[in-house]
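Read through the structure below, which is laid out as structure tokens, and then see the notes.
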Amino acid sequence: MATILTTPEQVATALADAPSMPVPNAMLMVTPEYFSVDYIINPHMEGNIGTVDKNEARWEWEVVRDKFRNFGLNVHEIPGQPELPDMVFSANQSLPYIDSKGNKHVIMSIMHSSHRKDEVPFLEQWYRRNKYNIHYLNPENVSDFEGMGDAIWHFKKKLLWGGFGYRSSPNAYEQISDKFDVPVVMLELKHPEFYHLDTCFCVLNAESVLICPPAFTDEGLELIHAGFKNVIKAPEVEARSLFACNAACPDGRNVVIQKGCKQVNHMLKNHGFAFHEVNTSEFLKSGGSVFCMKLMLW
Ligand code: ARG
């Protein structure tokens, strides 16, 4: 039975009751040798076709990878593939999950854009080799679902926040909730520049989230406030042009973030977080930054 939480009261109760989930200890990244902007499927890509500096992209990617390695995460690398320039955004092709017995599962995405559909089997091969239980959405009921770009686990809790509107459909969350027996809070995205939930919503720890409010409906904002005691609001300019909310906080304390997010860094510091700046300038041209260049898993 799917559990979709639609009121602030339901969210608060579900979080109080939610079983705990371990913090992910590993990361999956796709190497960037074929990364480029070859087509336009989000507003950030406009004007950027053919402008990616491949050497700079490789360098930036390695710095991001090494940052996470320094936090003690085991980083797995999957080779990028020719003609799949967006495959480097490894948050999008799947949603991993660990059950209460410690068994590893994954749901494979159904990419929204035809340009990105062929990426998924390469990730699936990796999960197969690594003995994950692989699950699929029923394509008869679900037209699209873009993995952890839109579906984000609450920190250390078995509860999922699910964005929909541009790249993922509400039906996907019904199936995921049913398959994994996990409650889902759906958040409608209403601003094309914040086309994935991870562009405007960054879970920092069990009580704190960094969001860009204009990306959400009023109902969505109420649900977010019911789920987190501290809702840190990124100024729209830093969220839009520097992808401040596409940061990553793997351990509930250290935040890896695109450099230059001055106001957000100030707010993070005031809330007791440490920030670590990296440059993802080449990936911003494609509408992505730190969070979507990697996938957290167990
Ligand atoms: N160019 C890619 C796309 O539009 C960027 C994906 C970034 N991923 C993310 N989870 N925000 O699909």
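The values are calculated or read from the model by the stated rules, or taken from the named source; none is laboratory data. These numbers were taken from a predicted model, which means no experiment stands behind them. A quick note on method: Cβ atoms are made from the backbone with ideal geometry, for glycine too, and the neighbour counts reach across all protein chains shown. Accessible surface is based on the protein model in full, side chains and every heavy atom, while ligands, DNA and RNA are left aside. Shrake-Rupley method; radii C 1.70, N 1.55, O 1.52, S 1.80 Å.
What to note about this one:
- Checked against the criterion of being away from the ligand (no atom under 15 Å from the Cβ), assigned to a loop (DSSP other than H, G, I, E, B), in contact (Cβ under 8 Å) with a residue 40 or more places away in the chain and surrounded by 19 or more Cβ atoms within 10 Å (Cβ to Cβ), region 267-287 has at least one qualifying residue.
- Members of region 231-257 that are open to solvent by 10 Å² or more (accessible area, probe 1.4 Å), under 19 Å from residue 214 (Cβ atoms) and not hydrophobic (A, V, I, L, M, F, W, C): 233, 235, 236, 238, 240, 241
- Just so you know, in region 167-194 the residues that are over 20 Å from residue 9 (Cα atoms), touching a strand residue (DSSP E or B) at 6+ places or on another chain (Cβ under 7 Å) and part of a helix (DSSP H, G or I) include one that is most open to solvent (accessible area, probe 1.4 Å), and it is 179.
- If you check 106, 75, 30, 23 for being within 13 Å of the ligand (Cβ to nearest atom), of a type in the set (Val, Ile, Thr) and touching a strand residue (DSSP E or B) at 6+ places or on another chain (Cβ under 9 Å), only one passes: 30.
- Test: residue in region 106-119 that is within 22 Å of residue 155 (Cβ to Cβ) and modelled with pLDDT of 95 or more: yes
- Within region 96-121, considering residues that are of a type in the set (Gly, Ala, Ser) and open to solvent by less than 70 Å² (accessible area, probe 1.4 Å), the one nearest to the chain's Cα centre (by Cα): 109
- Output for region 145-166, where each listed residue is within 11 Å of the ligand (Cβ to nearest atom), open to solvent by 10 Å² or more (accessible area, probe 1.4 Å) and either among the aromatic types (Phe, Trp, Tyr) or more than 19 Å from residue 27 (Cα to Cα) (or both): 166
- For region 88-103, residues that are out of contact with any Phe, Trp or Tyr (no Cβ under 7 Å at 6 or more places or on another chain), in a loop (DSSP other than H, G, I, E, B) and within 16 Å of the ligand (Cβ to nearest atom) total 4.
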